[in-house]
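Worksheet for the structure shown next.
The values are calculated or read from the model by the stated rules, or taken from the named source; none is laboratory data. It should be emphasised that the depicted structure is a prediction, and the values quoted were computed from it without experimental measurement. Note: ideal-geometry Cβ built from the backbone for every residue, glycine included; neighbour counts use all protein chains shown.
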């Protein structure tokens, strides 16, 4: 996601498939230039254990230099599971835009 400086964003996380005894950790990282991502994520999304959609918000007004975002995920599987699998989609948009669209 580009040119997100100072904006409030809303992310939709949709987990379509996850196996029993697996979980998913998600983090949102920010960068001023698309190369330096810092040492800590801007947002850690609570661990997900099941299928379904969830929303989270990130207010970038406290991070005026951030222009680029990326999402990292880690799939946590039971030891010995040779074929861990998850199917997810993540989308992001300006929170204000979503509110305006919903009002029309």
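Odds and ends about this structure:
- Given (1) surrounded by 16 or more Cβ atoms within 10 Å (Cβ to Cβ); (2) under 25 Å from residue 87 (Cβ atoms), index of the condition residue 30 fails: (2)
- Residue identified as out of contact with any helix residue (DSSP H, G or I) (no Cβ under 9 Å at 6 or more places or on another chain), more than 26 Å from residue 95 (Cβ to Cβ) and at pLDDT 90 or above among 65, 53, 35: 35
- Enumeration of residues in region 20-32 that are outside any strand (DSSP E or B) and farther than 26 Å from residue 95 by Cβ: 20, 21, 22
- Count of region 4-38 residues which are on the phi > 0 side of the Ramachandran plot and without any contact (Cβ under 8 Å) to a residue 60 or more places away in the chain: 3
- Within region 40-91, the residues that satisfy the criterion of being over 11 Å from the mean Cα position of the chain (by Cα) and closer than 13 Å to residue 6 by Cα are 59, 60, 61, 62, 63, 64, 65, 66, 67, 68.
- Hey, residue 17 assigned to a strand (DSSP E or B) and more than 23 Å from residue 95 (Cα to Cα) or not: yes
- Here residue 5 fulfils each of the conditions (1) surrounded by 13 or more Cβ atoms within 10 Å (Cβ to Cβ); (2) modelled with pLDDT under 85; (3) assigned to a strand (DSSP E or B) apart from (3).
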